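So the structure is just underneath, and the comments pick up after that.
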Amino acid sequence: MCDNNSCVGCKNPYTYEDVEKIANFLRSKVDIKPRIGLVCGTGLGGIPALMTDTVTFPYGEIPNFPVSTVAGHDGKLIIGYLSGTPIVCMQGRFHFFEGYPLWKVVLPIRVMKILGISILVLSNAAGGINSSYSIGDIMFLKDHINFVALGGHNPLQGDNEEKFGPRFVAINDSYDREILKLAKNTAKELGIKGVQEGVYCCIGGPSFETVAELRAMKMLGGDAVGMSTVHEVITAMHCGIKCFAFSLITNKCPMEYDGKNTPNHEEILDVGKERQDDVRKFVERLFKNLAQFKVK
Ligand SMILES: O=P(O)(O)O[C@H]1O[C@H](CO)[C@@H](O)[C@H]1O
Ligand SMILES: Nc1nc2[nH]cnc2c(=O)[nH]1
């Protein structure tokens, strides 16, 4: 094991106070107290354009923060307002496959917690496993299957930091039912087509899935697959943040051995661009509706 706090096997060295220092750095530069956090997935980095009164921090300028290495992830933390609500937005996230240990992938969520968020909205690009899904559909997550955690990698591993939450945390109710209801009503209000509700499977990546793996996921009840989100959700649940997540279905997964539907990152980015108007409209209205949402 190396000592640079970056390899997968490294134990999380960040105490609550270390994370607080990062939050204090941000607080020293901006007066806004964010209420909601937003994580923009692959190809969904256009959402921050909707924000007002923004202060932008490239990840490289935040002390002790990781940096984004994936195309479609700009690598900026933006604090400002969305639909009148103070928010903190990650324009680009970190992934396990980038070589970061999971505790580092989720570090921004703990920073957001200390900044004061009580709700986290996450987005991602995902491949559709459910045969009734079409490219461009928006799937609201009702649950997930986390193959990374089932395989032994969990962002909460290592010493537990009690100031964030307990050693053992229940995550059977990760996707807040009330926010999910609000999101469904929001999509209905706007007449957005192709809205689904389903189970997101998380793999480590960066290779996509084999046909046999996809068929196994389908048998287990998975509707879509990607390489992110669930680690952030686990961390948010650990420190008492309510979560809502949605996937943009950017491709149909290859469920047959016929060479069709082979996923590639460029097409995934293109679908993100094609659907950005509806996604932006939805996110803007969701945040407007969330402004009235009382966190219990
Ligand atoms: O989950 P986000 O960050 O949207 O990224 C998705 O897109 C990438 C594949 O093109 C993978 O990283 C997958 O997880
Ligand atoms: N793992 C995975 N991630 C994706 N992100 C977007 N599409 C896909 C996919 O088909 N598989």
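Tell me what the chain gives for mean residue ellipticity at 222 nm when only DSSP H runs of n ≥ 4 count, each as -39,500 (n - 2.57), the sum divided by the residue total, rounded to 500 deg cm²/dmol.
-8500 deg cm²/dmol
Can you tell me the order of 176-183, 26-33, 197-204, 165-172 when each peptide is scored by its average per-residue count of other Cβ atoms within 10 angstrom, highest first?
Descending packing order for the listed peptides: 197-204, 176-183, 26-33, 165-172.
Toward the positive end of the charge dipole of the chain, about the Cα centre and with charges on Cβ (Lys, Arg +1; Asp, Glu -1), which of N185, Y14, I114 goes farthest?
Selected residue: N185.
Once the piece of chain linking D277 and N185 is laid out straight, how much longer is it, given 0.36 nm per residue of separation minus the C-alpha distance between them?
31.3 nm
Could you rank the peptides 264-270, 42-48, 275-281 by their average count of other C-beta atoms within 10 Å per residue, with the highest value first?
The packing order, highest mean first, is 42-48, 275-281, 264-270.
If you find the alpha carbon centre of the range 61-129 and of the range 147-222, how far apart are they in angstrom?
Distance between centres, Cα-based: 16 Å.
FYI, it's all coordinate maths here, none of it is from the lab. Please read all numbers here as calculations on a predicted model, not as lab measurements. Here the Cβ is made from the backbone with ideal geometry for all residues, glycine too, and neighbour counts use every protein chain on show.
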